[in-house]
Amino acid sequence: MTNEVLVIDDNSDIRQLICAILKDKGFTVREAANYDQALSEINKKTPDVAIIDVKLDKGDNDGIELLIHIKKIDEDVPVIMISGHANVQMAVDSLKLGAFEFIQKPFSSERLVNFTNRAAENINLKKEKNVLESKLFHSYDIIGQSQPIEKIKNMIKKLASNESRIFISGPAGSGKELVGRQIHKQSLRSKKPFVVVNGALLDPQNYEKELFGQENKNGTLSYGFFEKAKDGTLLIDEVTEIPLETQAKILRVLIEQKFRRANGSEEIKTNVRIITTSSKSIREEIDKGNFREDLYHRLNVVPISLPPLKDRLDDIPLLLNYFSKKIADLNGINEVKMDSNSDIFYKYDWPGNVRELRNLVERISILSINENSNNINQLISDALSNNEVNAYNINNNSNILSYSLKEARENFEKDYLSSQLKKHKGNISKTATFVGMERSALHRKLKSLGIKGIN
């Protein structure tokens with residue numbers, strides 16, 4: 001990938017030298033000799049990387065104004081600031097405003113190329129991440145015509161036009177993040193960042209740094225999720241996993257609309273819409289003392305509850321058809337036709353919900369390339385019967401009829417999860433991924449079933 005660099009410096013000798021060095025290294029280069037030319041070039045086309053002299057023709061800090069202008073257009077663009085009159089405060093101010101690096105003149109060619117390569121790698125990674133996110137999330141829709149799903153669709157339309165905080169509850173794999181993304185996409189903040197932070201995956205030692213950022217000893221800044229989501233939407237997934245001390249600080253941010261970075265003294269104003277999710281019973285967590293009730297009431301302005309797939313089985317034909325088409329399109333393969341009338345889809349309990357169904361369709365789509373329809377049906381039967389519910393084969397195991405529904409389900413889940421843990425050598429993460437559950441949800445399920453360990 002060839003990256004384009006915009007070089008802005010009113011010293012023609014330095015500007016041409018920088019351009020020559022970067023061209024030799026394979027970069028496409030544009031240049032601007034003054035503030036007005038730079039503004040014109042930036043507005044014409046945003047570069048992949050910008051190199052800007054702090055002092056141009058209109059004043060001491062007009063390069064800083066160009067930095068701010070670029071960041072307003074696209075905050076992901078890395079900007080390298082250069083100056084022959086630099087001081088520590090100027091460097092700190094530039095970095096606080098989002099500069100990628102600050103170089104003092106005179107500088108070596110090696111240093112310039114090194115910083116530019118790092119900046120190019122940075123923007124390329126962000127572009128790749130955006131493409132992947134688009135494929136994984138942005139392109140998916142909320143599918144279904146069942147009463148609870150229609151109610152949720154209508155709720156999303158109403159919520160998109162206001163700024164209310166939203167609390168989304170539902171079992172793992174039911175589509176909580178997708179609902180949050182749809183609300184953001186239809187809102188006035190749609191062109192601003194949508195940032196997701198999983199409370200269960202935050203580093204327990206660095207909760208505050210990851211949420212609020214940090215002012216480092218060398219004068220640089222580490223931005224937290226609240227700043228990364230500036231003017232956009234911050235979705236806090238599994239919010240009940242955040243410790244009480246940090247919950248108190250989040251509550252303070254919601255009340256005061258400002259916060260301080262770790263090790264910082266400056267108060268940062270925040271303008272972020274908060275959406276939170278949980279697969280746990282929030283009331284139980286409050287009663288246990290694991291979650292602050294005052295924070296819950298701040299977050300739960302508008303509640304949305306997502307049903308498990310087993311409670312909306314009439315949506316399965318639509319989901320099968322939708323995922324088959326979408327996965328074929330994303331992977332460049334032929335669409336697989338599945339018999340949505342097959343009893344096997346409706347006898348299965350779907351512990352991983354819609355995510356598990358999507359994973360099944362993707363697996364069958366890949367495995368069934370060049371297979372006939374009979375073989376496809378057998379692949380599905382094997383996936384949902386022989387391999388995944390072998391303890392209680394839903395097609396022909398008559399012993400199951402001697403149990404009550406609750407006993408049969410508990411016995412099946414215990415034997416099934418025990419078998420999967422043995423298959424994956426006790427690895428919780430791999431087992432959770434295979435069965436289509438969140439790791440924390442699988443931990444809770446194992447505890448509730450009395451599965452303490454696998455030998």
Checklist outcome for this item: To the nearest 0.05, the calculated FRET efficiency linking ASP294 and ASP314 through their beta-carbon distance, R0 being 45 Å, is 0.70
Checklist entry - What spacing in nm lies between the two simple spin-label points modelled at ASN198 and SER164, each 7 Å away from Cα in the Cβ direction? => result 2.9
Next on the checklist: For the pair SER281/THR2, report the inter-label distance in nm, with labels modelled 7 Å from Cα in the Cβ direction.
Outcome noted: 6.3
Item to check | Contour excess over end-to-end distance, with Cα ends at LYS157 and ASN321 and 0.36 nm allotted per residue | outcome: 56.6 nm
Checklist entry - Which of the peptides 106-112, 375-381 is most tightly packed, and how do the rest follow, judged by the mean count of other Cβ atoms within 10 Å per residue? => result 375-381, 106-112
Checklist entry - Rounded to the nearest 0.05, what FRET efficiency is calculated for SER418 and LYS209 with R0 set to 30 Å and r the Cβ-Cβ distance? => result 0.15
Checklist outcome for this item: For the chain, the charge dipole (Cβ of Lys, Arg +1; Cβ of Asp, Glu -1; about the Cα centre) points to a positive end, and the Cα of ASN124, GLY332, LEU446 closest to that extreme belongs to LEU446
Next on the checklist: Quick check on the exposure proxy: order THR431, THR270 from fewest to most C-beta atoms within 10 angstrom.
Outcome noted: THR270, THR431
Next on the checklist: Please arrange ARG439, ARG298 by how many other C-beta atoms lie within 10 Å of their C-beta, fewest to most.
Outcome noted: ARG439, ARG298
Checklist outcome for this item: Once the dipole of the chain is set up from charges on Cβ (+1 Lys and Arg, -1 Asp and Glu), the residue from the list PRO303, HIS85, GLY175 lying farthest towards its positive end is PRO303
Checklist outcome for this item: If R0 = 30 Å, then ASN34 and HIS85, at their Cβ-Cβ distance, give a FRET efficiency to the nearest 0.05 of 0.95
Checklist outcome for this item: Measuring from its Cα centre, the chain shows a charge dipole (+1 at each Lys and Arg Cβ, -1 at each Asp and Glu Cβ) which, in debye to the nearest 20, is 920
Checklist entry - Where the centroid of each part is defined by its Cα atoms, how far is region 207-275 from region 292-325 in Å? => result 27
Checklist entry - What ranking do LYS217, LYS44, LYS430 get, fewest neighbouring Cβ atoms within 10 angstrom at the top? => result LYS217, LYS44, LYS430
Checklist entry - What length, rounded to one decimal in nm, is gained on full extension from GLU121 through to ILE73, with 0.36 nm per residue of separation minus their alpha-carbon distance? => result 15.3 nm
Checklist entry - How big is the antiparallel share of DSSP beta bridges in the chain, given as a percent to the nearest 5? => result 10
Checklist entry - About its Cα centre, what dipole magnitude does region 4-132 give when the only charges are +1 on Lys and Arg Cβ and -1 on Asp and Glu Cβ, stated in debye to the nearest 20? => result 320
Next on the checklist: Among TRP350, LEU234, LEU221, whose Cα projects farthest towards the positive end of the dipole of the chain, with charges put on the beta-carbon of Lys, Arg (+1) and Asp, Glu (-1)?
Outcome noted: TRP350
Item to check | Cβ-placed point charges (K, R +1; D, E -1), dipole of region 157-243 about Cα centre in debye, nearest 20 | outcome: 580
Checklist outcome for this item: Simple SL model, points at 7 angstrom along Cα→Cβ for LYS249 and LYS430; separation in nm is 3.6
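Each reported figure results from applying straightforward, stated rules to the coordinates on display, with no laboratory input. Fair warning: this is a prediction, and the values are worked out from it, not measured in the lab. With ideal geometry, Cβ positions are generated from the backbone for all residues, glycine too; neighbour counts draw on all protein chains shown.
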